[in-house]
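Data block below; observations after.
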Amino acid sequence: MSDWTGDTQSVMATLNASNHSEKDRAQQDYYASPPHTILDLFAVEVFSQSVWEPACGEGHLSKAMETTGKIVYSTDIIDRGYGNVYDFIGMERKQWDGDIITNPPFSHSTEFAERALDTLLTGRKLALLLRIQFLESVKRQRLFQTQPPKMVYVYARNIRCAKNGDFANATGNASTYCWFVWEKGWKGTPGIGWISGGRTATTKKDA
């Protein structure tokens, strides 16, 4: 099975292209995810063997996925010492024959969701770790109406993502996060679940 509808080798060879200035790099909305959030997600959802992590940062989620046996392609808009440099939102449009899992910069979360869904093949999954406020805003109303998530898993206990990947000094207020999970092509009423922490969850779906 091909990971891309094009040539994987040639695509991965282009991942070092980036035109962002140092000023742009300093403005990136980088909050690293606790690795346990991947195990929480995998406890309630099944994903394909191949996964793209397009906002990999220093590899916190990628490494956690690899421990479960996933083949992970890791990229980020800037070089943080892990994966390849690649602008996911500005990328040349191609189709990815696998799933996409990431914690995108919240300021570009809508664009990440739209581009990922455009990139996935029908039936493949997108999972985004986002603050619960992603449910708000008129800007995202069209996204939810035309391409609704299949499930939203809310953390019953707040978790803390680390600014600039610095978990040792992540002392700010914890936030309510959710895993938003789409299945490309699915239409219906989203279900809601709760992750209680410790990689367990209870779920409820509309009839």
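Where a number appears in this text, it was derived from the coordinates with a stated rule and is not lab data. On a predicted model such as this, the values are computed, not experimentally measured, just so you know. Glycine gets a Cβ as well: all are built from the backbone with ideal geometry, and neighbour counts include every protein chain shown.
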Exercise for review: Subtract the Cα-Cα distance of Ser196 and Thr122 from 0.36 nm times their separation in residues, and report this length gain in nm to one decimal.
Suggested key: 23.6 nm
**Study point:** Approximate spin-label separation Asn158-Gln145, in nm, with each point projected 7 Å along Cα-to-Cβ
**Key:** 3.3
Revision key, fill the gap. Taking 0.36 nm per residue of separation between Lys94 and Glu111 and subtracting their Cα-Cα distance, the length gained on full extension comes to 4.5 nm
**Study point:** Above-threshold pairs, the threshold being 25 Å between Cα atoms, out of Lys125/Lys187; Lys94/Lys125; Lys94/Lys184; Lys70/Lys139
**Key:** Lys70/Lys139
Check your understanding: What FRET efficiency do you get for Lys187 and Lys63 if R0 is 45 Å and r is their Cβ-Cβ distance, rounded to the nearest 0.05?
Key -> 0.85
